[in-house]
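Worksheet for the structure shown next.
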Amino acid sequence: MKVMNNIQVKHKEAISIPALKVKKRENKNLVLMVLTIISVAIFLVSFTIGRYGIPLSQLFNIVIGKLFSLPVTWTRSEEMVLFQVRIPRIFAAVLIGTALSASGAAYQGLFKNPMVSPDILGASSGAGVGAVIGIMLSFNSVAIQFMAFIMGLAAVILTYSISSIIGKNKTSIVLLVLTGIVVSNIFTAIISITKYAADPDNKLPAISFWLMGGLSTIDNSDLLMFLVPFIIGIIPLIILRWKINILSFGDEEAKALGVDTRKIRIIIIVCATMLTAASVAIAGMISWIGLIIPHIARLIVGPNYKVLLPVSIIIGSSFLLLVDDFARNMFAMEVPLGILTSIIGAPLFLYLLIKGKKAWS
């Protein structure tokens, strides 16, 4: 009789485990659907608000009319505001939010540390040096962005090279992070020295404004330039997101599963660096996105990167777009985006640390 009872219990457990997995999968799909709906709503509403309001119905009229060459039922001002100001700015906010949150999530998984952000290896400070040099040399905006992007990549290459030399070609996560902190501080010091030496009437305001971050100067050409490194960086991260789960087990376990940890680590670092450097190049220093968004996503869907990375992307793009909406509508003078993300991000991160202290235990 006891044997029969044990068999029945085991049979029920065997049935309940797959059912539980199906339920969890359904819950995650529901979360993705709800977040996507919210993101689309924020995206559409962002086009309608601003100093020059455009009703949602008129928005659709303009877009459909331009696509199908229908008779003009809108003003020239509405068309210019939509296509020359709102579209590049809103799409830039979405793509930059995507880039920073994806690179932040990837780095946190790669380094197995929830305190890691996209600038941990010096990409942001390196890009900052490039932009500051470009401004000091009176380059045009395209050249400044190119300088920032190249210097962001160069900073991470320098970090990785120094780490490899010190570690005698053996990649150590701790050594890489510590080297990144050193390189980042060196580049930050260079920025400070340059600001100190800059012309206070001309160059210094331009440098300070750029470093505070913002999307007010974004145009269609900036957006097209950003798309190239964005696509190159984001696609491999999405494809390889399940391997980040394996990397979190440790190198020995990952190698036992047939994963080349060195190769995957380099790919993730290169992709995340491209996304971070490109974001800083066109928008300046926008902090906290890559740090807090993965935490929010982890609290919602857990640590599985097959779901965590897409959810981080959805939340990150919506969050930055929402903050930018506040930045351009809250006051008569536009607030730099980096200031707002810091004001919102710091207390929010403290709350997330208190709320999710068991998430990484």
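Given the structure, is Leu240 buried (at least 17 other Cβ atoms within 10 Å of the Cβ), under 30 Å from Ile282 (Cβ atoms), over 16 Å from the mean Cα position of the chain (by Cα) and of a type outside the set (Val, Ile, Thr)? Give the derivation first.
On the way: buried (at least 17 other Cβ atoms within 10 Å of the Cβ): yes; under 30 Å from Ile282 (Cβ atoms): yes; over 16 Å from the mean Cα position of the chain (by Cα): yes; of a type outside the set (Val, Ile, Thr): yes.
It is true that Leu240 is buried (at least 17 other Cβ atoms within 10 Å of the Cβ), under 30 Å from Ile282 (Cβ atoms), over 16 Å from the mean Cα position of the chain (by Cα) and of a type outside the set (Val, Ile, Thr).
Mind listing whichever residues of the range 63-120 are outside any helix (DSSP H, G or I), hydroxyl-bearing (Ser, Thr, Tyr) and closer than 24 Å to Leu337 by Cα?
Selection gives Ser117 alone.
If we only count helices (runs of 4 or more DSSP H) wholly inside the range 122-223, which ones have 2 or more residues that are more than 30 Å from Ile268 (Cβ to Cβ)?
Details: elements: 123-136, 141-166, 173-197, 203-212.
Filter on the range 122-223 gives 123-136, 173-197, 203-212.
Inside the range 250-314, counting only helices (runs of 4 or more DSSP H) that do not spill past its ends, which hold 1 or more residues that are in contact (Cβ under 8 Å) with a residue 60 or more places away in the chain and either charged (D, E, K, R) or more than 20 Å from Ile120 (Cα to Cα) (or both)? Walk me through it before giving the result.
Values: elements: 251-256, 261-283, 289-301.
Where helices (runs of 4 or more DSSP H) fall fully within the range 250-314 and carry at least 1 residues being in contact (Cβ under 8 Å) with a residue 60 or more places away in the chain and either charged (D, E, K, R) or more than 20 Å from Ile120 (Cα to Cα) (or both), they are 261-283, 289-301.
List every residue pair whose Cβ atoms lie under 8 Å apart, where the two residues are 6 or more positions apart in sequence or sit on different chains, the first residue falls within the range 75-104 and is hydroxyl-bearing (Ser, Thr, Tyr), and the second residue, located anywhere, is surrounded by fewer than 17 Cβ atoms within 10 Å (Cβ to Cβ).
Ser77/Tyr52
Would you confirm whether any residue within the range 212-230 is more than 21 Å from Ser124 (Cα to Cα) and β-branched (Val, Ile, Thr)?
no
Please find, within the range 42-53, the residue that is nearest to Asn220 (Cα to Cα) out of those that are more than 20 Å from the chain's Cα centre (by Cα) and at pLDDT 90 or above.
So the first thing to find is which residues in the range 42-53 are more than 20 Å from the chain's Cα centre (by Cα), and the list is 44-45, 47-53.
Now restrict to residues that are at pLDDT 90 or above: 44-45, 47-49.
Working: Leu44: 19, Val45: 20, Phe47: 16, Thr48: 19, Ile49: 20 Å.
If we take residues in the range 42-53 being more than 20 Å from the chain's Cα centre (by Cα) and at pLDDT 90 or above, then Phe47 is nearest to Asn220 (Cα to Cα).
For every residue, the table says whether it meets (1) among the small types (Gly, Ala, Ser); (2) more than 18 Å from Met274 (Cα to Cα); (3) at pLDDT 95 or above; (4) surrounded by fewer than 17 Cβ atoms within 10 Å (Cβ to Cβ).
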| residue | (1), (2), (3), (4) |
| --- | --- |
| Pro114 | no, yes, no, no |
| Gly134 | yes, yes, yes, no |
| Val142 | no, no, no, yes |
| Ile150 | no, no, yes, yes |
| Leu153 | no, no, yes, no |
| Ala198 | yes, yes, no, no |
| Gly214 | yes, yes, no, no |
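Can you name the number of the only condition in (1) surrounded by 24 or more Cβ atoms within 10 Å (Cβ to Cβ); (2) touching a helix residue (DSSP H, G or I) at 6+ places or on another chain (Cβ under 6 Å) that Asp119 fails?
The number of the failed condition is (2).
The values are calculated or read from the model by the stated rules, or taken from the named source; none is laboratory data. Note that this is a predicted model, so its numbers are computed, not measured. Cβ sites come from the backbone with ideal geometry, for glycine too, and all protein chains shown count toward neighbours.
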